[in-house]
Amino acid sequence: MTPEEALEQARDAGVHRLRIPTPFAVGRVNCYLLEDEPLTLVDTGPNSGKALDELERQLSALGHSLEDIQLVILTHQHIDHLGLVEIIAGRSGAEVAAIDVVVPFVENFGGDIELDDRFAADLMLRHGIPEDVVIALRSVSRSFRAWGAKADVSRPLHDGELLEFRDRALEVQHRPGHSPSDTVFWDSEREILLCADHLIAHISSNPLISRPLDGSEERPRALMTYIESLRRTRELPARILLPGHGDPITDHRALIDERFAHHKRRAERILGLISERPRTAYEIAQELWGNVAVTQAFLTLSEVLGHVDLLEEEGRVGEVEDGDVVRFEAVE
Ligand SMILES: [Zn+2]
């Protein structure tokens, strides 16, 4: 099945992809309109006039208006997916649904800036990122927040629950990893999975480290969590996966196996670097990617730490404290 055929089959099932522009490197974000009762929008696009115009235009091409939306489902906490939620809910009176663990985050969006920033800054400094980069990133992340918005979640969802519509039922499945709140929606009858950023065909979804939603201070093992989530998704007999960016996926098992192999290779490469001499996560990132743009510093740190976690779990790498920073060393 080609991606075009998959989109067509999804359309036949009343699931329409809306491609909404974002100001981010990732390009457009996919929202999905479920023509059902209630009329449902899965994700919203970022909080920008351009995104709102596009959303209204694409809805109207399908014979609907923003005011017709009765339910907005959020797949996860990232701003390119939820930024317009407040405006849409305000204009349409739609209910807003999101996985229970993310409700305080969405309802208090932007309110925990200090905590989020401190968590990220401590993590970066501890892993060797220079202070000027940390400070620059703080202002980048603050300016990004304008594309998000807070909203009241009137319909908290629970892992495993069945969301019932007139013509379909979607099973809610919490699949943390890319973010702590990733949720996928499984239509077992049609074997269609709305998978958001949990799995994307053309890019490897980065398991970004974020401050734990339960308020704990411990650093999440994002890649390990993600791999476990991918294992569960791999078991689904899905025919079509509709992701948050790019084209539909029609062979998720092969794609997930590719991701596993990629992570394994990268972990081995990082082990090679650590075996030469103990290094900080920042030093490892520099070896792998050179001096990347400041905006990528947190991303690459998340990436390195994810793989170091895998190596630690296997007992091949250990941590040594060196003043204020942590270095990783090979275990003989
Ligand atoms: Zn995302």
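The values are calculated or read from the model by the stated rules, or taken from the named source; none is laboratory data. These figures come from a predicted structure and were not determined experimentally. Quick reminder, even Gly has a Cβ in these numbers, built from the backbone with ideal geometry, and neighbours come from all protein chains shown. These accessible areas exclude ligands, DNA and RNA; they are computed on the full protein's heavy atoms, side chains included. Shrake-Rupley method; radii C 1.70, N 1.55, O 1.52, S 1.80 Å.
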With an 8 Å Cα cut-off and a minimum separation of 6 or more residues, compute the relative contact order for the range 39-148 in percent.
30 percent
In whole angstrom, the spacing between the Cα centers of the range 174-194 and the range 90-136 equals 22 Å
State log₁₀ I(q)/I(0) for the range 137-293 at q = 0.21 Å⁻¹ as given by the Debye formula over alpha-carbon point scatterers of equal weight, solvent excluded.
-1.47
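For E218 and S154, what is the calculated FRET efficiency with R₀ set at 25 Å and r taken between the beta-carbons, to the nearest 0.05? Please list the in-between numbers first.
On the way: r = 31 Å, r/R0 = 1.24.
The computed FRET efficiency comes out at 0.20.
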Net length gained if the chain between E131 and R231 were fully extended (0.36 nm per residue, minus Cα distance):
32.3 nm
Taking a crude spin-label model, label points 7 Å out from Cα along the C-beta direction, the E107 to S139 distance in nm is 3.5 nm
Just grab the label-to-label distance for L273 and A169, each label 7 Å out from Cα along the Cβ direction, in nm (one decimal).
4.8 nm
What order, most packed first, do the peptides 299-308, 24-33 have when packing is the mean number of other Cβ atoms within 10 Å of each residue?
299-308, 24-33
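Using a 1.4 angstrom probe, figure out how much accessible area the range 106-179 has per residue, in square angstrom, rounded to the nearest whole. Numbers along the way, then the final one.
On the way: 3620 Å² over 74 residues.
Averaged over the residues of the range 106-179, the accessible area is 49 Å².
Starting with the highest mean, order 216-227, 112-123 by the number of other Cβ atoms within 10 Å, averaged over the residues of each peptide.
Details: 216-227: 17.5, 112-123: 15.3.
Descending mean neighbour count gives 216-227, 112-123.
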Between the range 1-80 and the range 199-228, what's the alpha-carbon centroid distance in Å?
24 Å
Which one of E37, E191, E276 has the biggest mean-square fluctuation once the chain is modelled by GNM with Cα springs under 10 Å?
E276
Just to be sure I understand the rule: take each whole DSSP H helix in the chain, project its Cα atoms onto its long axis, keep it if the span is 30 Å or more and its mean Kyte-Doolittle hydropathy is at least -1.0. Which ones pass?
252-276
Using a Gaussian network model of the chain with C-alpha springs under 10 Å, which one of T295, T40, T75 is most mobile by mean-square fluctuation?
T295
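Quick check: residue separation of D12 and S188 times 0.36 nm, minus the Cα distance between them. What number comes out in nm? Let's see the in-between values first.
Details: separation 176, 0.36 × 176 = 63.36 nm, distance 1.59 nm.
So the extension gain works out to 61.8 nm.
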For the range 35-133, the percent of accessible surface on carbon and sulfur atoms (probe 1.4 angstrom, ligands and nucleic acids excluded) is 50 percent
How far apart, in nm, are the 7 Å Cα→Cβ label points at E258 and D122?
3.9 nm
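Which length gain, in nm to one decimal place, applies between A330 and A146 when the Cα-Cα distance is subtracted from 0.36 nm times their residue separation?
Values: separation 184, 0.36 × 184 = 66.24 nm, distance 4.22 nm.
Answer, rounded to one decimal: 62.0 nm.
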